[in-house]
Each structure stands twice: as structure tokens, then as C-alpha cells.
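Where a number appears in this text, it was derived from the coordinates with a stated rule and is not lab data. Owing to the predicted nature of the structure, the values given are computational and were not obtained by experimental measurement. With ideal geometry, Cβ positions are generated from the backbone for all residues, glycine too; neighbour counts draw on all protein chains shown.
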Ligand SMILES: *Cc1c(COP(=O)(O)O)cnc(C)c1O
């Protein structure tokens, strides 16, 4: 629904108005006979506007977008931290941006060295034996890792290992990736503390278990405290342990999946390692494995041989290529720049501040909103809007009201095991003042819910459009310009 206070004039076309002028023709005019299907029968339906109008149109649209460079963005599980601009400078260096993946490796040794160093850094950060940079997203990394686990079991003749165990608190991509990789996803329940229920795990693990996929910290922002016991249960039954490390922001320099006994881990470089994300742009989901699973890594694998960097193609047990060329190189350059500018001590501090910021906000917001799991959190926490719902205001309304104050709302209605969930992830890059301003706004909204609920129920009041019909937008999207 359009917001009456802010009429959006989108259609500015006037017949005959032009935004360009072509130079005079300085070659002889020729007649070309085009074949039938290529001949346009009607003029293209394009807007006719001046250069200034088109400039203002796109500039206005660009300011209506919300990004981490324009405001606080506590979208839980997405790690919307600041992306340092030095990453962009490095990614634009011509030696990195003007090369081609089909070039002779001898002519791009610098770029290969960068990729190799990034692989090595990620191996050190995760405690894994070998890392591939090929997967293009977190979910893609999950699938890649699971295909390796599948290849491993099949090599051993264990074709009956068809079940992948996924906690009910896992990220939604986990059961989806397990299914796409040809497994059956089996749920293991969480206990009252929001952690994997070990008794239920013992119940579901058997000789048909291929792997347990663990999101850690889990989607409640809680560290799974009994990982060593879980490792024992799953490994004891011949299964493998998969670590969803998309949100590594809480454990950098403090804990490593490799040391906990995991066989496979994927990372989201577009979250923890400051690749820009949102809007579906290119991501990067590297996967690290133990030496036991290394033969199955996607090929080609980048290797170092006597100070030269080479792609090893001859890998008979490899699951094959999972991406054309070698991954999303530009995102990998940004992650490499980030790791090198932060250094090991800087990365440790990232996790310290990410966890401190989340706990500070959680304890403040706990005064006005229900907190279902009260122990200390890691990089994020989950509130419940249950109390506000009793007064007729839903979590969705609260999220919409936040837009009026210039904030991107938290993730809502996820995880599904919390009623009216609000998942808040402040990240380490926000100043205390920003956290305090957001806390004050949340407190004001909680007051409005009690005293003046309509203002929340009818929000947003300051945006160009108010409530959107999201179903129609998803089912019948209008993606191209059409003259009214
Ligand atoms: C974001 C996320 C993913 C999926 O990553 P994509 O790059 O969006 O595919 C998987 N697991 C967790 C825990 C995540 O937060």
C-alpha cells in the first residue's frame, strides 16, 4: 500500500523528451536486410526522460535502500557488519580485477598466491587440514561438504548411510542441503536450555547415520556445550561431523571446529569475513576438511610446488567441480584483505566485541521483552514478542515500527522453536551509542504497545510504501519497466 504522506511519482515519461544526443553520422548510411524475427514491429516501450530526470530518479531510488553504510542492521544470523572500504580498493587493483581464470597459471602467480594464502589462513582459523575456495555460498558449501561425506561412505561400501541428523535449531539451509545431496534429513530435538538433547541424539543415531550437521553457535546464539559428547556418539556409530560455520563471528581465535572433532566445516566469507552481502550478490562458502576427507575435495585443488602455485587436476576420488573456474575470486580477495588487515589478534577482538555487544543488548532488552533462553549468548540472541502479542501487537508490527526510526529490523519468526521470535545480531562494528539508541527505541516501542498500540500496528509511517503485500510481490513480481 502506498503511504499517502509520501506520494511516489514513478512515471515521468513525456513523449519526445530525450536524455542523450548522438554525434552526426560520419560514415555512409547503409541499408541492412534483417531477417524477419529480428525486425522490430513497434517502438520499444521505454520512458522518455531527460538526463537530469533519470539522474534524480536513480539517485532517489538509491537513497531509499537500507544498507549497513546507512544505518544499524541487526539482522540475526546474517552478520551485517561493516565492510571495510580497503577491501574494495584491493579488489579493484588491476592486477587482480583485470585477469582471467583461463590465463596460464604462470602469468597469474600473484593471484594464485593470494588464494593459497587465504586457504592456509582459513585452515589455521578452523583447524582443518585442507580448504577449498570453490563453493559460492554457505548453502553451496554445505552441499559440497555433504557430497564429500557421501563419497567417503560410498568408497567404504556404506551405501546404507542415508541419514543426516539436523537439530531443530539448525539454519534452514541444513536440512535443505542434506536433501539436495540425496540424504534424508532427520531432526534431533533441542532441550530446555536450547541445546541439542543428547538423549534424543543417542536415539536417532544408528548404523544408517551419514553425518550430524551442527550449526554452532546455534540459531539461538548459544554455544553447543556438549560437542565432545556429540562427537563421540556420532563417530562411535561411524558417522561424520559437519560444522556449519557460517557464523564464525563468535569464536574467532577462541575455538576451532577442527579441535572439536569436526570432519567438515564451511564458512561464509560474506558474513564473518566482510564480503558485502544482501541483495543476492556473489558470496563465498569455502569448505575445510580433515586429511581423511581431503581426497574428495572438489577439483582442481590449488597447491604449492617449489614456490609455484599450480592447480592439481589429477584427483581421481574428487567429487568433481562444484563451480566454473575457481570460486568467486573478488569476494575471496576482500576476505583475504580483511584477514591480513586484522591479523590474529584483531580477529580475536572481533569475537570479543561481537559477543560483548550481543550480551549487553540482550540484558538491556530483557527488561522489556521476553527472553526464552537466559544464559549468556554468543554473537546473537533471540527475544520473544509473546508479552506484546497478548496486547494485540505482533512481532511483525514491531519490526515494521523499527523502520520509522531508520533501523533494519532483526530477523523475525526465526528460529521456529521460539514464539514471535526476534533474532538480534548487533555485530562488533557498532559503537555503544548505536546500541544504546536502538535499545531506547525498542523501549519506546514496548511503551507504545501498552499505551498506543495503533501506532505500532499501523507502522511504518515514514517509508515510501507502508505494508507490502509480500505474497503477491513474491508470486507475481513486476521486474521490468512497463509504461502505465
Ligand atoms: C547464512 C547462513 C547459511 C547460508 O548461507 P548462504 O550464503 O546464504 O547460502 C547457512 N548456515 C547459517 C548458520 C547461516 O547463518
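Would you mind ranking 59, 173 by Cβ crowding within 10 Å, fewest neighbours first?
59, 173
Looking at the range 85-342, what % of its DSSP beta bridges pair antiparallel, to the nearest 5?
Here the antiparallel bridges make up roughly 40 percent for the range 85-342.
Per-residue ellipticity at 222 nm for the chain, helices alone: DSSP H runs ≥ 4 residues times -39500 (n - 2.57), over residue total, nearest 500 deg cm²/dmol?
On the way: 15 runs with 172 residues, N = 484.
Mean residue ellipticity at 222 nm (helix-derived): -11000 deg cm²/dmol.
Output the antiparallel fraction of DSSP beta bridges having both residues in the range 152-298, as a percent to the nearest 5.
On the way: 4 of 21 bridges.
Around 20 percent of the beta bridges assigned by DSSP in the range 152-298 are antiparallel ones.
What fraction of the Cα pairs in the range 212-319, stated in percent, has a spacing above 18 angstrom?
Considering the range 212-319, 59 percent of its Cα-Cα pairs are separated by more than 18 Å.
Rounded to the nearest 0.05, what FRET efficiency do residue 184 and residue 461 have when you use their Cβ-Cβ distance and R0 = 30 Å?
Approximately 0.05, to the nearest 0.05.
Looking at the chain, send over the antiparallel percent of its DSSP beta bridges, to the nearest 5. Write down the numbers at each step before the final one.
On the way: 21 of 38 bridges.
Expressed as a percentage, antiparallel bridges in the chain total about 55.
Run the numbers for residue 413 and residue 162: contour at 0.36 nm per residue of separation, minus the present Cα-Cα distance, in nm.
87.3 nm
Extension gain residue 306-residue 27, at 0.36 nm per residue separation less the Cα-Cα distance, in nm?
Additional length available on full extension: 94.7 nm.
Just the ratio, please: alpha-carbon radius of gyration of the range 251-397 over 2.2 N^0.38 Å, N its number of residues. The partial results should precede the final answer.
Values: Rg = 20.7 Å, N = 147, 2.2 N^0.38 = 14.7 Å.
Here the answer is 1.41, to two decimals.
Quick check on the range 139-237: take the gyration tensor over C-alpha atoms, sort the square-rooted eigenvalues as a ≥ b ≥ c, and tell me if it's rounded (a/c under 1.5), prolate or oblate.
oblate
How many percent of all Cα-Cα pairs in the range 339-437 sit more than 18 Å apart?
The proportion of pairs with Cα distances above 18 Å equals 50 percent.
Label the chain by shape, choosing from rounded, prolate and oblate, from the square roots a ≥ b ≥ c of the eigenvalues of the Cα gyration tensor; if a/c is under 1.5 it is rounded, and otherwise prolate applies when a/b is larger than b/c, oblate when it is not.
Oblate is the answer for the chain, as a/c is 1.5 or above yet b/c matches or exceeds a/b.
Treat each spin label as a single point 7 Å out from the Cα along the C-beta direction, and report the residue 69 to residue 85 distance in nm.
0.8
Taking the number of other C-beta atoms within 10 Å as the exposure measure, put 401, 308, 340 in order starting with the fewest.
308, 340, 401
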